[in-house]
Amino acid sequence: MIQLEGITKSFGSLQVLKGIDLTINKGEVVSIVGPSGAGKTTLLQIMGTLDKPDAGRIVLNGVEVNRLKDKGLAAFRNKEIGFVFQFHQLLPEFTAEENVMIPLLIQGVSGKSARREAEEMLSFLGLGERALHKPAQLSGGEKQRVAVARALINHPSVVLADEPSGSLDTQNKEELHRLFFELRDKLGQTFVIVTHDEALASQTDRTIHLVDGKISGESANPFR
Ligand SMILES: Nc1ncnc2c1ncn2[C@@H]1O[C@H](COP(=O)(O)OP(=O)(O)O)[C@@H](O)[C@H]1O
Ligand SMILES: [Mg+2]
């Protein structure tokens, strides 16, 4: 599903990623943990084609993404990769439904179909009643679920989440985590989640430990 080989990345004289090899399989929920500054966000951004490595290869769903350029890369990213960030990053002037429609519209889906699909996705995530609200009218947990709906709407190969529950209270955090596993079980959705939350990490299939730009170890979680 995702293969990273020999990924390195520097910002100026600071080498942030020092040779990352990693394979993520379809339907896996993989967590990435490590101290602040270890390079987790950089790794996720590179995995998501939002940033380019200095060296190394990334193959996503059989496509060597290093070879894609501008328009082709943007279209590939919009279709194949869903993102969930710590802060929802919804557009404030649009309703929940419109925010979820945007990746479909970029993909060339008609307004009418996009609205219907967005409605269905929001209902599926238990947000049917909230479709016409703007982000400011939603709770933190609801905003994050709308962000998940937006990430899922194009049925991406993988959802990449960077501390998705980092800004939520305990109850909303647990609900969001439950949602990830439900989506994996129901849809076979693959997730890569950067997290500081040990409870979440321990529930994922595999935890990758990143320290100082290198994978220092990996633990399988046999009890989930
Ligand atoms: N765009 C950038 N320019 C310069 N330095 C950066 C940039 N992005 C990240 N860094 C640096 O790279 C290191 C790793 O950052 P990051 O990937 O955000 O770590 P983490 O998510 O594990 O906390 C940090 O020292 C950070 O300051
Ligand atoms: Mg980070």
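A short reminder: the numbers here are calculations on the coordinates, not readings from a lab. It should be emphasised that the depicted structure is a prediction, and the values quoted were computed from it without experimental measurement. Cβ atoms come from the backbone with ideal geometry, glycine included; neighbour counts cover every protein chain shown.
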Review point. Going by the structure shown, is Gln15 among the polar types (S, T, N, Q) and closer than 15 Å to Glu64 by Cα?
Key: no
**Study point:** Criterion violated by Leu50 - all others in (1) in contact (Cβ under 8 Å) with a residue 40 or more places away in the chain; (2) surrounded by fewer than 16 Cβ atoms within 10 Å (Cβ to Cβ); (3) part of a loop (DSSP other than H, G, I, E, B); (4) of a type outside the set (Lys, Arg) satisfied
**Key:** (1)
Practice item. Could you tell me whether any residue of the stretch 98-121 is within 21 Å of Gly19 (Cα to Cα) and either surrounded by fewer than 14 Cβ atoms within 10 Å (Cβ to Cβ) or away from ligand 1 (no atom under 16 Å from the Cβ) (or both)? Key: no
Practice item. Report yes if Thr42 is within 13 Å of ligand 1 (Cβ to nearest atom) and touching a residue at least 24 places away in the same chain (Cβ under 8 Å), otherwise no. Key: yes
Review point. From the set of residues in the stretch 8-39 that are more than 8 Å from ligand 1 (Cβ to nearest atom) and without any contact (Cβ under 8 Å) to a residue 24 or more places away in the chain, which is nearest to Gly217 (Cα to Cα)?
Key: Thr23
Study note, to complete from the structure: In the stretch 195-224, residues that are surrounded by 12 or more Cβ atoms within 10 Å (Cβ to Cβ), in a helix (DSSP H, G or I) and out of contact with any His (no Cβ under 6 Å at 6 or more places or on another chain) total 4
Check your understanding: Residues in the stretch 13-30: is at least one in contact with a Phe, Trp or Tyr (Cβ under 9 Å, 6 or more places away or on another chain) and assigned to a loop (DSSP other than H, G, I, E, B)?
Key -> yes
**Study point:** Count of the stretch 157-194 residues which are buried (at least 22 other Cβ atoms within 10 Å of the Cβ) and in a loop (DSSP other than H, G, I, E, B)
**Key:** 3
Study note, to complete from the structure: Within the stretch 27-46, residues away from ligand 2 (no atom under 13 Å from the Cβ) and hydrophobic (A, V, I, L, M, F, W, C) come out as Val29, Val30
Review point. Which of the residues that make up the stretch 104-142 are closer than 18 Å to Leu91 by Cβ and basic (Lys, Arg)?
Key: Arg115, Arg130, Lys134
